[in-house]
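Here is the structure we will look at.
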């Protein structure tokens, strides 16, 4: 897949994107509706209104008059995704190669790479409002639930400098990865540095967008 940057132009760091994906027990998510749905008249009682801090199903013998920004749909979310790097000033993927060198009787040096163990550190990784990953990892770490982050993640490395919206952007997907919190605390703000360990269980493909709601398509 060709690069989408001009010859000699440097790829901006923000175009190398790491996305974490994980599964949790089902969580109810309520989405505010701005436009009347097609099934409002017949299935109005499957929608919700918000009363105080609680959501209540619409009741009554017939559909009430539609009012925008009043009614909610409920869906269950089990899979979360989050783009990594908010408030982190510098982060790189370290490949950590296991390199072995040898020299033959002619004086030639040979290099063998036995394996790589890719890792990316995010320090600081702040506890930020709206970060589902920060909430998930901080709870898991404090409760010592190692299984919550050991091999529990799928990681996507998106090369946004390769491809375009029409044809997709190059992406490498790793499954059964680990994201490990290394500490929790700080001075003025709570930070939780994390280590991201890639599995090398790889599928190459593309994503159709550069937000966390992308669709991943394996290469043909």
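Here are a few things to note about the model shown:
- Some residue of the range 88-110 being farther than 30 Å from residue 190 by Cβ, part of a loop (DSSP other than H, G, I, E, B) and touching a strand residue (DSSP E or B) at 6+ places or on another chain (Cβ under 8 Å): yes
- Being in contact with a strand residue (DSSP E or B) (Cβ under 9 Å, 6 or more places away or on another chain), more than 20 Å from residue 96 (Cα to Cα), surrounded by 15 or more Cβ atoms within 10 Å (Cβ to Cβ) and at pLDDT 95 or above holds for only one residue in 156, 149, 126, and it is 126.
- Residues that are surrounded by fewer than 14 Cβ atoms within 10 Å (Cβ to Cβ), in a loop (DSSP other than H, G, I, E, B) and out of contact with any helix residue (DSSP H, G or I) (no Cβ under 7 Å at 6 or more places or on another chain), drawn from the range 44-63: 52, 53, 60, 61, 62
- In the range 15-43, of all residues being farther than 29 Å from residue 69 by Cβ and modelled with pLDDT under 95, the one that is surrounded by the fewest Cβ atoms within 10 Å (Cβ to Cβ) corresponds to 25.
- The range 174-189, residues that are out of contact with any strand residue (DSSP E or B) (no Cβ under 7 Å at 6 or more places or on another chain), outside any strand (DSSP E or B) and modelled with pLDDT of 95 or more: 183, 184
- Screening residue 166 on (1) touching a helix residue (DSSP H, G or I) at 6+ places or on another chain (Cβ under 9 Å); (2) closer than 30 Å to residue 2 by Cβ; (3) without any contact (Cβ under 8 Å) to a residue 12 or more places away in the chain shows it passes everything except condition (1).
The values are calculated or read from the model by the stated rules, or taken from the named source; none is laboratory data. No experiment lies behind these values; they were computed from the predicted model shown. Methodologically, a virtual Cβ is constructed for each residue, glycine included, from the backbone with ideal geometry; neighbour enumeration extends over all protein chains shown.
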